[in-house]
Amino acid sequence: AQTVTQSQPEMSVQEAETVTLSCTYDTSESDYYLFWYKQPPSRQMILVIRQEAYKQQNATENRFSVNFQKAAKSFSLKISDSQLGDAAMYFCAYRTYNQGGKLIFGQGTELSVKP
Amino acid sequence: DTAVSQTPKYLVTQMGNDKSIKCEQNLGHDTMYWYKQDSKKFLKIMFSYNNKELIINETVPNRFSPKSPDKAHLNLHINSLELGDSAVYFCASSQGEDYNEQFFGPGTRLTVL
C-alpha cells in the first residue's frame, strides 16, 4: 500500500526567508502524481503545486518550488520569500492510476510565519 | 460562482441520529469524492464516484451511504451517528483520475454529542 510521510509536524519561518517542508512516500508504481495542498485556518484546501513522476524537471509556481527525488521517493516543498499569508497546514499527497483518483495524504506540516 | 459547495458547513447532532451532507460541483467534472479529516487533521478518502458510479469505498462503515443522483452531485448520508464520526467532511471533484487538480469544497464540520 502506498503511504506518504511528513516528518515535521510544525515548522516556523521568518517573513521574507525561505523554508523547506519535507515529504517522503512509498510506492511500487513507476507512474504517479504528487501534490502539495495548503489548508489555511479557513479550512479551504488549496492546490499549491503538482509534479508528474515521469518529469525530471522540478515544478515551480512563483515562490513555490519542489525538489523531486524519484529514486529517494522524496518530494519537498520550498517556499521562498515567505509571507504572512503562507501560514497554514501543508499537506503532501500522492495519486496514481486505477485507484479511483483518490489522493493519499501525509499527516501535514503546520507552518507559522513570524513577522 | 462557487466551484464545489457543501451544505451545511456546520452540523451539530445527537448520537444515534441520521444526517445528510450535500455536495454540488459546477465545474463539469466527472469524478467526485468524499474525504474525512479527523481531529488530528489527517485526511483520508472515503468514497470516489465516476460518472455516478461508485469506484472506491475505502472500508467505510455501512452506516455511511453516498448517493450520486447525477454527475454534479454527491451526497453523504450517515445513519446512527456515533461520537467517532465527529470530523470535518470534505467533498471534492476532478476531471478524470490523473494529474488534474482536485477541487475541494469548504468542508462540513460534524459534531456528534
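The values are calculated or read from the model by the stated rules, or taken from the named source; none is laboratory data. Here the structure is a predicted model, which is why all the values come from computation and not from measurement. A quick note on method: Cβ atoms are made from the backbone with ideal geometry, for glycine too, and the neighbour counts reach across all protein chains shown. Note: accessible area is taken over every heavy atom of the protein model, side chains too, but ligands, DNA and RNA are not part of it. Shrake-Rupley method; radii C 1.70, N 1.55, O 1.52, S 1.80 Å.
One table, with the values for the structure above:
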{"item": "Equivalent ellipsoid dimensions for segment A:1-111 as semi-axes, Å, which come from the Cα gyration tensor, largest first", "result": "23, 15, 12"}
{"item": "Non-local Lys pairs in chain A, i.e. 8 or more apart or on different chains, that have alpha carbons under 22 Å apart", "result": "12"}
{"item": "Sum of side-chain charges, B:Asn75 neighbourhood, beta-carbon under 14 Å (Lys, Arg +1; Asp, Glu -1)", "result": "+2"}
{"item": "Mean accessible surface per residue for the protein assembly as shown, computed with a 1.4 Å probe while every protein chain stays in place, in Å²", "result": "48"}
{"item": "Residue-averaged beta-carbon neighbours from other chains (10 angstrom radius) around B:37-45", "result": "5"}
{"item": "Over chain B, relative contact order from alpha-carbon pairs under 8 Å, at least 6 apart, %", "result": "37"}
{"item": "The protein assembly as shown, accessible surface, carbon-and-sulfur percent (1.4 angstrom probe)", "result": "47"}
{"item": "Mean Cβ neighbour count within 10 Å, used as a protection proxy, ranking A:40-53, A:89-102 highest first", "result": "A:89-102, A:40-53"}
{"item": "Contact surface B-A: accessible area buried, both sides summed, square angstrom, 1.4 angstrom probe", "result": "2200"}
{"item": "DSSP-defined antiparallel bridges as percent of all bridges, chain A, nearest 5", "result": "85"}
{"item": "Integer Hz, Karplus 6.51/-1.76/1.60 couplings in order for segment B:38-49, x for Gly and Pro", "result": "7, 5, 8, 6, 7, 9, 9, 5, 10, 9, 9, 10"}
{"item": "For A:Tyr90, net neighbour charge (Lys/Arg +1, Asp/Glu -1) across residues whose Cβ lies under 13 Å away", "result": "0"}
{"item": "Summed side-chain charge close to B:Phe64 - residues other than B:Phe64 whose Cβ falls under 13 Å, Lys, Arg +1, Asp, Glu -1", "result": "+1"}
{"item": "Size of charge dipole - the protein assembly as shown - debye, nearest 20, with Cβ of Lys, Arg +1 and Asp, Glu -1, no other charges", "result": "320"}
{"item": "Estimated dipole of chain A in Debye, rounded to 20 [Cβ of Lys and Arg +1, of Asp and Glu -1, Cα centre]", "result": "220"}
{"item": "Within segment B:62-113, chymotrypsin sites (Phe, Trp or Tyr not before Pro) in DSSP loop having at most 16 other beta-carbon neighbours inside 10 Å", "result": "B:Tyr99"}
{"item": "Cβ-placed point charges (K, R +1; D, E -1), dipole of chain B about Cα centre in debye, nearest 20", "result": "420"}
{"item": "Taking N as its residue count, the alpha carbon Rg of the protein assembly as shown over 2.2 N^0.38 Å", "result": "1.02"}
{"item": "All aspartates and glutamates inside 15 Å of B:Lys71 as judged from Cα atoms, apart from same-chain residues fewer than 8 positions distant", "result": "B:Glu24, B:Asp30, B:Glu53, B:Glu97"}
{"item": "Charge-dipole axis of the protein assembly as shown as Lys and Arg at +1 and Asp and Glu at -1 on Cβ define it, positive-most pick from A:Met11, A:Asn62, B:Gln6", "result": "B:Gln6"}
{"item": "Rg and Dmax of chain B, Cα atoms only, in Å", "result": "13.2, 40"}
{"item": "Other protein chain Cβ atoms within 10 Å, averaged over every residue that makes up B:101-109", "result": "4"}
